[in-house]
1. With +1 on each Lys and Arg Cβ and -1 on each Asp and Glu Cβ, and nothing else charged, work out how big the dipole of segment 259-415 is about its Cα centre, in Debye to the nearest 20.
2. Once you list every other residue whose beta carbon is under 11 Å from the beta carbon of residue 72, what net charge do they have if Lys and Arg are +1 and Asp and Glu are -1?
3. How charged is the neighbourhood of residue 238? Take every other residue with its Cβ under 15 Å from the Cβ of residue 238, and add Lys/Arg as +1 and Asp/Glu as -1.
4. 7 Å from Cα along Cα→Cβ at both residue 24 and residue 362: what's the point-to-point distance in nm?
5. Rounding to the nearest 10 and keeping the result within 0 to 90°, find how far the Cα-based axis of helix 16-29 lies from the longest principal axis of the chain.
6. Let me have the 222 nm mean residue ellipticity of the chain computed from DSSP H runs of 4+ only, each contributing -39500 (n - 2.57), with the sum over all residues rounded to the nearest 500.
7. What angle do you read, to the nearest 10 degrees and between 0 and 90, between the alpha-carbon axis of helix 277-286 and the longest principal axis of the chain?
8. Quick check on the exposure proxy: order 329, 241, 395 from fewest to most C-beta atoms within 10 angstrom.
Amino acid sequence: MKELLEKIPFYNSAVLPYHFIQSLIAGSKYRFPGKHLRVIGITGTNGKTTTAFMIWQMLNHAGHKTGLMTTVAWGVDTLTPELGHMTTVDAFTLNRRISNIRSQGVEFLVLEVTSHALSQFRTLGIPIEIAVFTNLTHDHLDYHKTLAKYRAAKGKLFKKAEYSILNADDPATKYYKSVARSYTTYGIKSGETRATNIKLAVSGVKYMFGDTTIETNIPGEFNVYNSMAAALVGRKLGLTDKQISEGIKSLKNVEGRMNIVDEGQPFTVIVDYAHAPDALEKVFHSIEGHQGRVISVHGGAGRRDPSTRPIRGKILAEYSDIVIITEDDSRDEDPEKIAQGFINGATKAGKVLGKDLLLELDRAKAIKLAIDQARSNDIVLILGKGHEKSILRADGPHEFEDTKVARQILKNLHSK
């Protein structure tokens, strides 16, 4: 019923008083548990989860008991997987979990904060000591309608934060600097703090952060940005450069973020959550210089901004030797209609349907198709769902994990 109501013009704005009251009741019920913690809020289109994990790992490694709430998981020492397809959960769940985290004697809470959550007052009563901005790109316009409104929604986090850490290489930072109470900036091309001597590899990134060497176990230039933001949080909180560098390096991986699935095959299989145009481009840039072909598997979610579908199709076509379009969380939208948007973009970029552009709407079969075609030194990219444990179809959720499916297919190759 709610999904039908959301299609009504101005519905999202009309129900804002309801969201405010709901958040007020939820906070009151759990006695606003966030007020007893030092909260680090992270927002941006991409990079929120990885940055959050880096900060959480860094603080815990330095001896500060720290809670975590992200798209992937939440908890303190032992993390519980997030099964819902939502980054910042509803106000009641949010406050209940923060109360649980507080009861474990934590000092800090690292919290992913989405534009939806800020628009709907879900973080009402949660003070933000430090706010982090990763980047802003075309996404969620099905809800916000314009990029300016999307940017402004995220701006609410920096208005309430005591201190903000902003990506100077992103154009949106100009606006966030105007609303932030106090801030610093970071970047590669600009910013008060800049990364230098950057070295990118499939195994991770390495660069100089002032006089300190920062290394990550997660590849991609975007993880230079993510780790810089984490490092600046550490500095603001008084950690030593050694604690910062060792803490960030101690994070081995983040589920669904550039995860390599290795069962001894002569080619590389990578699972990543990238589903926005900018995120897709960053994944492709992170594997530049490889020797083999790129085979990509990707699809689009139903009831999400359809304007990105041809854009993503074009990106897939430009960076991949073979593109396989498949399903994502189609929900109540026709999967073939969703796929057509990607096909339109890919064909305009030169791909030929049935040759180097393939359609397989069963995601498991699409992954198998990609792996079956892979040769020595190729890279298979399975993109869009990352850590998620289910796929949402018209008849409801179905258990599904890209990594598990890919791993089983690879194991079956060896058993033949």
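Rule-based calculations on the coordinates, nothing more; no lab input. All values reported here derive from a predicted model rather than from experimental measurement. Every residue, glycine as well, gets a Cβ built from its backbone with ideal geometry; the counts of neighbours run over all protein chains shown.
1. 200
2. It works out to a net charge of -1.
3. Surrounding charge for residue 238 is 0.
4. Taking the simple label geometry, residue 24 and residue 362 are separated by 5.3 nm.
5. So the helix axis and the longest Cα principal axis differ by about 60 degrees.
6. Rounded to the nearest 500, it is -11500 deg cm²/dmol.
7. Tilt of helix 277-286: around 70 degrees.
8. With the fewest neighbours first, 329, 241, 395 line up as 395, 241, 329.
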